[in-house]
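See structure below.
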């Protein structure tokens, strides 16, 4: 049997876009526990069943392997911080979020887009995970968009749509990309000024298809990520959209050179807007919380 590369397989699984959930339950002594998961699937309507897949490496695995009830909290697009807390925090996770218990005693995350309260119907061993099947006893849902996840990064469907609308409404939009490789970002130098790779759309191309083709045309092997910044210049009325991307190789194909993220603040960028954007990128890279800036070049909001 062929031996598969586990890292490559993990990356291949990660190419499937999913939502983000926090799975919660209570220990026998009434302590809430939970973990972040995108391995959530609806199974059946009659009876109402769903499944999640807790890993055996979880510190709370034994609790979920023997739980009688559990809840699935589908996070909204503004709850990336909650996802990160339940994915990696070593402190008391529930002390860092607002939550309450439902009728079954399950912890419910405040502000979640949807929650399902379940009793355990079946718990099956499956390799280095378990398949936890739950019968839905109750649920609640509200209007809104969920937090997305693919290829190791979060994305917001609402903000992706906003970028798409901008690129479809205007004949030409400036589309740039922040290409990261091993803690460095690809920058070019023009007349002593640092700049990101950038191109423009035409009458027939969207922003995302334009920047993908730009990467291909320049021989850059990079996986395109989420939108990082959307802004309008009040000086020339041009719109700018910048995406994040992740390069497999350090080969720049003549587009510039990779500069350490820690050194971005020292660069003399081609415009104040680009300088502000890259200063934010350096800060957000340290804590892993990436927002999306929407507004004008000087005044806007990070979502």
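Laid out as a table, the results:
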item	result
Unique residue being more than 12 Å from residue 117 (Cα to Cα), surrounded by fewer than 18 Cβ atoms within 10 Å (Cβ to Cβ) and at pLDDT below 90 when the list is 39, 44	39
Pick from segment 202-211, criterion crowded, with 17+ Cβ neighbours inside 10 Å and more than 27 Å from residue 283 (Cβ to Cβ), ranking: modelled with the highest pLDDT	210
Failed criterion for residue 199 (all others in (1) modelled with pLDDT of 90 or more; (2) under 25 Å from residue 289 (Cα atoms); (3) buried (at least 16 other Cβ atoms within 10 Å of the Cβ) hold)	(2)
Yes/no for residue 64 being assigned by TED's automatic domain parsing to the domain that holds residue 23, buried (at least 17 other Cβ atoms within 10 Å of the Cβ) and more than 30 Å from residue 225 (Cα to Cα)	yes
Condition check for residue 117: touching a strand residue (DSSP E or B) at 6+ places or on another chain (Cβ under 6 Å) and at pLDDT 95 or above	yes
So residue 250, is it more than 24 Å from residue 11 (Cβ to Cβ) and modelled with pLDDT of 85 or more	no
Which numbered condition residue 222 misses (of (1) buried (at least 20 other Cβ atoms within 10 Å of the Cβ); (2) over 13 Å from residue 185 (Cβ atoms); (3) without any contact (Cβ under 8 Å) to a residue 60 or more places away in the chain; (4) in contact with a helix residue (DSSP H, G or I) (Cβ under 6 Å, 6 or more places away or on another chain))	(2)
Options 132, 145; residue that is assigned by TED's automatic domain parsing to the domain that holds residue 71, at pLDDT 75 or above and over 30 Å from residue 207 (Cβ atoms)	132
Filter result (closer than 22 Å to residue 82 by Cα and not in a loop (DSSP other than H, G, I, E, B)) within segment 51-72	51, 52, 55, 61, 63, 64, 69, 70, 71, 72
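The values are calculated or read from the model by the stated rules, or taken from the named source; none is laboratory data. For clarity, every value in this text was computed on a predicted model and none was experimentally measured. No Cβ is skipped: glycine too gets one built from the backbone with ideal geometry, and neighbour counts run over all protein chains shown.
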